[in-house]
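Only the coordinates and a few stated rules stand behind these numbers; no lab work does. Computed from a predicted model, the values in this text were never measured in an experiment. For neighbour counting, all protein chains shown are included, and Cβ atoms are generated from backbone atoms with ideal geometry for every residue, glycine included.
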Amino acid sequence: MDVVVELMAAYKICLSFIKYDYMLRRNFLQLSSLGLYGISLSSFTSKRLGSIRKPIVISTWDAGIEANKAAWAVLKKGGRALDAVEQGVRVTESSQNCCVGLGANPDRDGYVTLDASIMDEYSNCGSVAYLERIKHPVSVARRVMEKTPHVMLVGSGAQQFAIEEGFPLEEQKLSEEAEKTYKNWLIKSEYKPVINIENSKGHGPFNPPFPGSNPLNHDTIGMIALDANGNLSGSCTTSGMAFKMRGRVGDSPIIGAGLFVDNEVGAATATGQGEDIIRIAGSHTVVELMRQGLHPEEACRKAVERIIRIKGAAKSKEIQVGFIALNKRGEYGGYCIQKGFSYAVCYADDKNFLEPGKHIL
Ligand code: SD4
């Protein structure tokens with residue numbers, strides 16, 4: 001008799017497991033049919049690593065490949081993630097491109113104004129915004145972090161500090177490419193966001209703008225790294241939106257928006273329409289979602305979904321926002337609103353490659 005009771009109990013337990021599994025599947029299908037929530041759990045779990053992958057560095061857009069090389073040179077020698085993310089994005093700041101560094105496009109009054117931030121494994125952070133005529137804003141941001149009691153310096157104060165720290169004051173002058181696109185923009189003086197401008201024909205870090213092209217917009221480099229000691233750091237640097245209003249500051253120098261690092265959990269950085277990234281404290285949101293146990297890719301997706309919910313699908317189609325994230329295990333991911341975003345991943349001399357950012361719309 002006892003055996004029969006036990007068998008019945010075992011049978012009930014089996015039944016409840018089957019029901020639970022059915023419910024999970026049904027819920028998943030229902031969420032999928034809503035479009036925004038169609039996340040395949042298995043696609044994240046399959047990306048879970050059995051062991052920790054370190055060091056590793058990831059950065060936004062195609063320009064990240066070159067930047068990663070400089071970061072990797074630091075990481076592979078056992079260097080600190082903080083040094084890696086500074087050295088990495090300096091490469092982009094030095095190159096001629098539409099959207100990072102002094103060669104980039106100006107604001108609507110014809111001035112290049114730069115925003116940058118940096119954050120280390122101790123939650124130290126520094127940033128500069130609306131900085132003019134200084135070649136490496138990310139390094140000034142690091143000095144703000146290391147040499148002042150403050151987190152953020154802006155405008156002429158940031159420039160004064162940079163000069164005091166020995167950064168050369170560069171000529172007040174647009175690059176040839178920027179001069180041409182600015183003159184072209186002045187004809188209509190039309191200000192509107194352009195999606196994935198860095199990937200469109202004739203633009204982008206490796207393909208500088210030429211006359212007759214459309215107004216330029218996004219392309220920021222955000223970089224996050226996990227070093228051999230298991231510590232995380234991040235950096236972000238940009239000229240912001242091309243032809244922005246004078247004085248406009250985006251998300252990139254705002255800690256928690258364009259960049260956030262929590263050495264217990266992970267790091268995230270953002271690119272795209274800064275105003276919408278700031279609205280949801282984007283990078284901080286991504287890190288907090290990882291703290292709840294989400295895979296970096298899933299955390300990025302949820303942050304993008306939040307922007308779309310706030311903005312509505314129609315208006316979201318007019319902008320681009322992308323997040324990339326890295327956790328303490330070296331797992332990474334990226335998500336964006338529109339097709340066209342990519343990010344560069346590097347964890348070995350011969351492993352420096354582009355990942356397409358998954359997109360929602
Ligand atoms: C900004 N987020 O200033 C920056 C621009 C950008 O790719 O990311 N471009 O809003």
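From a point 7 Å beyond the Cα of residue 183 in the direction of its Cβ, which residues of the range 243-263 have a backbone N at a distance under 19 Å?
Within reach of a label on residue 183, which here means backbone N under 19 Å from a point 7 Å along Cα→Cβ, the range 243-263 contributes 243.
Over 31 Å between Cα atoms, which of 135/317; 147/183; 77/244; 147/328; 69/315 qualify?
135/317; 147/183; 77/244; 69/315
Would you work out which of 127, 343, 278 lies farthest towards the positive end of the dipole of the range 56-359, given +1 charges on the beta-carbon of Lys and Arg and -1 on that of Asp and Glu, about the Cα centre?
Towards the positive end, the residue furthest out is 278.
Sort 153-159, 300-306 by the packing proxy (mean of other Cβ within 10 Å over each peptide's residues), most packed first.
Per-residue Cβ counts within 10 Å, averaged per peptide and sorted highest first, yield 300-306, 153-159.
Take the alpha carbon atoms of the range 110-183, find their center, do the same for the range 302-333, and report the distance between the two centers in whole angstrom.
First find each Cα centre; the distance between them is then 27 Å.
Using R₀ = 35 Å, calculate the FRET efficiency as 1/(1 + (r/R₀)^6) where r is the Cβ-Cβ separation of residue 172 and residue 77; round to 0.05.
The computed FRET efficiency comes out at 0.35.
Separation between the residue 348 and residue 151 pseudo-spin-labels, each 7 Å from Cα along Cα→Cβ, expressed in nm?
Between residue 348 and residue 151, the label points sit 3.9 nm apart.
Give me the number: length gained by fully extending residue 229 to residue 52, i.e. 0.36 nm times residue separation minus the C-alpha to C-alpha distance, one decimal in nm.
Difference between extended and current length: 62.6 nm.
At most 12 other Cβ atoms within 10 Å and a DSSP loop assignment: could you name the chymotrypsin sites (Phe, Trp or Tyr not before Pro) in the range 121-170 that fit?
Answer by residue number: 122.
Gain in length, residue 163 to residue 339, computed as 0.36 nm per residue apart minus the alpha-carbon separation, to one decimal in nm?
Length gained between residue 163 and residue 339: 59.3 nm.
Please name whichever of 233, 312, 258 sits farthest to the positive end of the charge dipole of the range 56-359, dipole taken about the Cα centre and charges placed at Cβ: Lys and Arg +1, Asp and Glu -1.
The residue sitting farthest along the positive end of the dipole is 312.
If I model a spin label at residue 279 and residue 245 as a point 7 Å from the Cα along the Cα→Cβ vector, what separation in nanometres do I get?
With each label point 7 Å from Cα toward Cβ, the separation is 1.6 nm.
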